[in-house]
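First the structure, in the form of structure tokens, and then the observations on it.
Only the coordinates and a few stated rules stand behind these numbers; no lab work does. None of the values given here were measured: they were computed from a predicted structure. Neighbour counts are summed over all protein chains in view; Cβ atoms, including those assigned to glycine, are modelled from backbone coordinates with ideal geometry.
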Ligand code: ATP
Ligand code: MG
């Protein structure tokens, strides 16, 4: 299996680049944001809990999030030749759990693609997206909170994965195809 974590601030292009990676390499996409938004759209109990965090720009608690991710991995692993983890991990605790989860299967994270985009551009993109996304978290106030949470809680994962030799920093400005080319070039087996 070849497992990729796609990492970056809110609106850095994780979802967009994941779609292209799936198309190119036939990997299985797990977007935690999408899983949660589906639960919200279906009005499930989990969706109600998720909405109370997401709409305020906060993270879902680690224990709940790890259970959700584990269920997705179990559901999809049989038919998968590798995963793209999009939006997970977002905390050091989640990264440790992901490593354990993969280790049990004799797998690991093979590469972490970090989309590096300045806050001013992230804010601009999310405001634009908010005009059509219908997402409860794409509004000015919540975007500010999401960036704060990203810098305080999620961005330390960059050093975590650098220390493990897995981090590939990608300049995240330019066209979608330019950024995708940079990603492909950075990947060990695929470049
Ligand atoms: P992008 O635009 O780059 O695809 P994003 O930050 O806009 O990314 P999602 O990854 O879709 O959006 O996440 C949306 C929200 O879902 C987060 O702000 C958070 O509240 C919740 N969420 C998603 N993944 C996690 C996670 N691993 N841990 C905790 N909360 C999460
Ligand atoms: Mg997304």
Practice task
Please find, in a Gaussian network model of the chain (springs between Cα atoms separated by less than 10 Å), the residue of 119, 159, 86 whose mean-square fluctuation is greatest.
Solution key: 159
Handout entry: Calculated P(r) of the chain - Cα pairs past 28 Å, %
Key = 21 percent
Problem - Exposure proxy ranking, count of Cβ atoms within 10 Å, fewest first, for 184, 5 - result: 184, 5
Practice task
Could you list the square roots of 5 times each eigenvalue of the Cα gyration tensor of segment 3-48, that is, the equivalent ellipsoid semi-axes, sorted largest first and rounded to whole Å?
Solution key: 23, 13, 8
Fill in the blank from the handout: Log entry: pair-distance distribution for segment 96-191, C-alpha pairs binned every 5 Å from zero, whole % per bin is 2, 11, 16, 17, 19, 16, 12, 5, 1
Exercise for the section: Let me know the volume per residue of the alpha-carbon convex hull for segment 31-97, in Å³. Expected result: 89 Å³
Completion exercise
Most exposed first, judged by fewest Cβ atoms within 10 angstrom, 19, 148 run 148, 19
Exercise for the section: Using label points projected 7 Å from each Cα along Cα→Cβ, tell me how many nm separate residue 55 and residue 136, to one decimal. Expected result: 0.4 nm
Handout entry: MRE, 222 nm, helices only [DSSP H, n ≥ 4, -39500 (n - 2.57), over the chain, to nearest 500]
Key = -16500 deg cm²/dmol
Practice task
Just need the relative contact order of the chain here, percent rounded to a whole number, with Cα pairs under 8 Å and 6+ apart.
Solution key: 33 percent
